[in-house]
Amino acid sequence: MTCRSNESLSKLVEEARPYAASGRVADYIPALGRAEKDDLSVAIFDIGNECYYAGDYKKKFTLQSISKVLALALALSDRGFDYVFSHVGMEPTGDPFNSISKLETSVPSKPLNPMINAGALAVTHMINGRDNKEKIDRIIRFVSSFLDGAPVTCNWETAQSEMETADLNRALCYFMKQHGIIEGDVEDLLRVYTAQCAIEMNCFDLARVGAVLALNGVDPETGKQIIAENVARICKTFMVTCGMYNASGEFAIKIGIPAKSGVSGGIMGAVPGRYGIGIFGPSLDEKGNSIAGMKILEMLAREQQLSIF
Ligand code: DON
C-alpha cells in the first residue's frame, strides 16, 4: 500500500516540533546519541486501508522498548499464558524502565511486568530457539510477519553499542538468575535482547504493526490472522498500563491510546478498530518518552476523539 503525504498531519508535526527543544536524545546507548533532535515523522495506517504520513516517514530508527510488545507476543505464542506469567507479572511499577528496586522487594521475586527492562529480559529469555542465532532469526521473522513478510533488518552497530554499555541490564539479569527467573549465560541473553531492541523500521512500518494490534491480530491488508486475538488483547492492555512507563497514567488520561515508546524516540500506537500509528521523534523527556511524539498523539487524540476511555 502507498502512504500519502497529508497536509493536516503536516501541520500537527510543525506544531509539535518545537517541543523537542526541551528534551534530549538518549545517549546511554552511544549509537543513539547521534540522532537528530529535531527529526519528527508520523504515519497513520487506517484500518480501512489508507495511509497518511508527515515528515520524513522513510527514516529508519531502532525499536528499542517497542520491541518488548512484539517479544511478548512471540513468547506468549511460544509458551502460553500460564508459563509466561509465572515468570513475569502484570502490574505497573511507577518506577523508571530500568529500575532494579522492585525486583528486590517483590514477593515472589519476579519482574512486575514485561514492559520494564527486567520483565522484557525475562520474556526474551522465554522465546524458543536452540541458540542465539535461531532466537534472533525467529524474532526478526516474527516482526516481518506483521509487515506481510517484508524484510526486517537489525542495526548491528546499535546492538553492539548497547552490548558495550548494558551493565544495568546485566545487573538485572544476574539478579534474576540468582532468583531462578532466568538461567544460562547472561551475555547470550543480552545478545538476543540487544538485537531485538536494534530491529529497525520507519514510521510507516511501525504504523502497520500497530494496525495489526488495532485489528486484534489481523493483517488489515491480507486479512490473515498474524497473532491470536487474545495475545493482541494482552499486548494492548500492557501498552495502556505500562507502555509509557511511569508516565502511563498521565498518558492514559490525556491521550488514552494504547501506545509503546522506545528510547530511540519511536512510539507505536494502536487505536482499536481504527488506526495503527507510527511516530519517530528522538528528543525524549526525563522518563524516556518522545516529547514531540506525545504532543502529536495528544493533538490527534483530541481532534479525532481517539481516547479508548
Ligand atoms: O534496554 C534498554 O535500556 C533499551 N534497549 C531499551 C529501553 C527503552 O527503549 C526504554 N524506553 N523508553
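The values are calculated or read from the model by the stated rules, or taken from the named source; none is laboratory data. Everything numeric here is computed off the predicted structure, so don't read it as measured data. Here the Cβ positions follow ideal geometry from the backbone for every residue, glycine too, while neighbour counts run over all protein chains shown. Each accessible area value is taken on the protein alone, full model and side chains, heavy atoms only, with ligands, DNA and RNA left out. Shrake-Rupley method; radii C 1.70, N 1.55, O 1.52, S 1.80 Å.
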- Of those in the stretch 178-207 that are outside any helix (DSSP H, G or I) and within 16 Å of the ligand (Cβ to nearest atom), the residue most open to solvent (accessible area, probe 1.4 Å) is Glu200
- Task: Could you identify the single residue in Gly223, Gly273, Gly262 that is within 27 Å of Ser145 (Cβ to Cβ), without any contact (Cβ under 8 Å) to a residue 60 or more places away in the chain and not hydroxyl-bearing (Ser, Thr, Tyr)?
- Result: Gly223
- For the stretch 140-159, enumerate the residues that are assigned to a helix (DSSP H, G or I) and in contact (Cβ under 8 Å) with a residue 12 or more places away in the chain. Ile140, Phe142, Val143, Ser145, Trp156, Glu157, Thr158, Ala159
- Among the listed residues Phe238, Phe309, Phe280, which satisfies the condition of being of a type in the set (A, V, I, L, M, F, W, C) and closer than 23 Å to Glu50 by Cα? Phe280
- Count, please, the residues in the stretch 208-237 that happen to be within 25 Å of Asn117 (Cβ to Cβ) and either assigned by TED's automatic domain parsing to the domain that holds Arg138 or open to solvent by less than 10 Å² (accessible area, probe 1.4 Å) (or both). 7
- Message: For the stretch 166-177, give me each residue that is among the charged types (D, E, K, R) and either away from the ligand (no atom under 15 Å from the Cβ) or in contact with a helix residue (DSSP H, G or I) (Cβ under 9 Å, 6 or more places away or on another chain) (or both).
- Response: Arg170, Lys177
- Confirm whether Ala73 is in the same structural domain as Ile277 (by TED's automatic domain parsing), more than 16 Å from the ligand (Cβ to nearest atom) and over 15 Å from Gly266 (Cβ atoms). no
- Note on the structure: Pairs returned, first residue in the stretch 2-20 that is within 16 Å of Leu297 (Cβ to Cβ) and in contact (Cβ under 8 Å) with a residue 12 or more places away in the chain, second residue that is open to solvent by 40 Å² or more (accessible area, probe 1.4 Å) and part of a helix (DSSP H, G or I), beta-carbon separation under 7 angstrom, 6 or more apart or interchain, are Ala16/Lys295; Tyr19/Lys295
- Message: Taking the conditions exactly as written (in a loop (DSSP other than H, G, I, E, B), crowded, with 20+ Cβ neighbours inside 10 Å and in contact (Cβ under 8 Å) with a residue 60 or more places away in the chain), does Phe97 satisfy them or not?
- Response: yes
- Restricting attention to the stretch 58-70, and to residues there that are outside any helix (DSSP H, G or I) and within 15 Å of the ligand (Cβ to nearest atom), which single residue is nearest to the chain's Cα centre (by Cα)? Leu63
- Item | In the stretch 129-165, residue surrounded by the fewest Cβ atoms within 10 Å (Cβ to Cβ) [restricted to those that are more than 15 Å from Glu200 (Cα to Cα) and touching a helix residue (DSSP H, G or I) at 6+ places or on another chain (Cβ under 6 Å)] | Gly129
- Query: How many residues are of a type outside the set (A, V, I, L, M, F, W, C) and open to solvent by less than 50 Å² (accessible area, probe 1.4 Å) if we restrict to the stretch 54-84?
  - Reply: 9
